[in-house]
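The values are calculated or read from the model by the stated rules, or taken from the named source; none is laboratory data. This one's a predicted model, so the numbers in the text were calculated from it and none came from an experiment. Cβ atoms come from the backbone with ideal geometry, glycine included; neighbour counts cover every protein chain shown. Side chains included, ligands, DNA and RNA excluded: accessible areas come from the protein's heavy atoms. Shrake-Rupley method; radii C 1.70, N 1.55, O 1.52, S 1.80 Å.
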Amino acid sequence: MIGSTVARLAVNAGYDVVLSNSRSPDTLQELVAQLGPQARAATADEAAEAGEIVLVSVPLKAYPALSNTPVTGKVVMDTGNYYPERDGVISELDTKTLTDSEYLERYLPGARVVKVFNNIFFKHLLHLARPVGAADRSFLPIAGDDDSAKREVVEFLDSIGYGAVDAGPLAEGWRQQPGTPVYGPPYGTFANEQGTPAGADVIRSALEAATR
Ligand SMILES: NC(=O)c1ccc[n+]([C@@H]2O[C@H](COP(=O)([O-])OP(=O)(O)OC[C@H]3O[C@@H](n4cnc5c(N)ncnc54)[C@H](OP(=O)(O)O)[C@@H]3O)[C@@H](O)[C@H]2O)c1
């Protein structure tokens, strides 16, 4: 859902995209055909190797099975959310010792992880993209420890149709995790797939209103 939506927005913005899943590239052929010649399917190892910016968009329970191909030094965008009923109990997330993205970081040594896209329904993400300068542009919170990685993500978001609000380091990523004010509501209800635009001030206020 989220991975293919980001792929679609990226292709629309002129990027070349390499998609992978847990099965095989063959199972992604229909999606690749829809996305057109800028997209191709590969194994997770090949995708990790090929990506200048890597998107990890899998359930947290799949982290131990992620590709072992090193992504050291690469920008990794993390869409993940911890849902114990889906992912199983992860004690450090239950006790809030780690944020969801700090947990991913453990599986990707040396990656420059940026938390992004985790707080928006994939259909809203598709429909709310707007060009630079549009009055109804929506903004997404981002969290990360590496300022240059965040700048690359801001540039990427800008090109695919979104502004960004800096939510701080990965340790502050809890402000955009499930159950917080910025997680879902600013972009409207599930019933309206077109979504409701959410500007920078709305996102900033929602981040500030989060309590742990
Ligand atoms: N859905 C949303 O609107 C939304 C919005 C924001 C954030 N999120 C979060 O983003 C994450 C992904 O959610 P989703 O809804 O996009 O899930 P999804 O549609 O179920 O997609 C998950 C993808 O991960 C792949 N995958 C699983 N294990 C893998 C592995 N070891 N290596 C490579 N690929 C693997 C799956 O491939 P196979 O099908 O081959 O197993 C599948 O393509 C979750 O943490 C979710 O909470 C979701």
task: Report yes if ASP100 is over 19 Å from VAL11 (Cα atoms), in contact (Cβ under 8 Å) with a residue 60 or more places away in the chain and buried (at least 22 other Cβ atoms within 10 Å of the Cβ), otherwise no.
output: yes
- request: Can you run down the residue pairs with Cβ atoms below 8 Å, 6 or more apart or on separate chains, where the first is in region 15-26 and within 12 Å of the ligand (Cβ to nearest atom) and the partner is polar (S, T, N, Q)?
  value: LEU19/SER4; SER20/THR43; SER20/SER67; ASN21/THR27; SER24/THR43; PRO25/THR43
query: Cβ-Cβ below 8 Å, separation at least six or inter-chain, first residue in region 191-211 and in a helix (DSSP H, G or I), second open to solvent by 60 Å² or more (accessible area, probe 1.4 Å) and not charged (D, E, K, R): which pairs?
result: ALA206/PRO185
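Here's the yes/no breakdown for (1) among the charged types (D, E, K, R); (2) closer than 27 Å to ASP158 by Cβ; (3) within 12 Å of the ligand (Cβ to nearest atom); (4) surrounded by fewer than 17 Cβ atoms within 10 Å (Cβ to Cβ):
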{"residue": "ARG8", "(1), (2), (3), (4)": "yes, yes, no, no"}
{"residue": "VAL11", "(1), (2), (3), (4)": "no, yes, no, no"}
{"residue": "GLN38", "(1), (2), (3), (4)": "no, yes, no, yes"}
{"residue": "ASP78", "(1), (2), (3), (4)": "yes, yes, yes, no"}
- prompt: Can you name every residue in region 180-199 that is hydrophobic (A, V, I, L, M, F, W, C) and loosely packed, with under 15 Cβ neighbours inside 10 Å?
  reply: PHE190, ALA191
- request: State yes or no: is ALA134 in a loop (DSSP other than H, G, I, E, B) and either at pLDDT below 95 or open to solvent by less than 50 Å² (accessible area, probe 1.4 Å) (or both)?
  value: yes
- request: Hey, could you check region 82-97 for residues that are outside any helix (DSSP H, G or I) and within 18 Å of PRO64 (Cβ to Cβ) and say which is nearest to the chain's Cα centre (by Cα)?
  value: TYR82
- request: Could you tell me which of the residues THR99, THR95, THR43, THR72 is more than 12 Å from the ligand (Cβ to nearest atom), modelled with pLDDT of 95 or more and more than 27 Å from VAL182 (Cα to Cα)?
  value: THR72
message: Being within 22 Å of GLU52 (Cα to Cα) and more than 12 Å from the ligand (Cβ to nearest atom) is the filter here; which residues of region 102-128 pass it?
response: GLU102, GLU105, ARG106, LEU108, PRO109, GLY110, ALA111, ARG112, VAL113, VAL114
- prompt: Can you tell me how many residues in region 23-57 are more than 22 Å from LYS150 (Cβ to Cβ) and touching a helix residue (DSSP H, G or I) at 6+ places or on another chain (Cβ under 7 Å)?
  reply: 9
- prompt: So which residues in region 165-179 are within 16 Å of the ligand (Cβ to nearest atom) and either in contact (Cβ under 8 Å) with a residue 60 or more places away in the chain or open to solvent by 20 Å² or more (accessible area, probe 1.4 Å) (or both)?
  reply: LEU170, GLY173, TRP174, ARG175, GLN176, GLN177, PRO178, GLY179
query: Does ALA50 fit the bill of being among the small types (Gly, Ala, Ser) and either in contact with a strand residue (DSSP E or B) (Cβ under 6 Å, 6 or more places away or on another chain) or near the ligand (Cβ under 9 Å from one of its atoms) (or both)?
result: yes
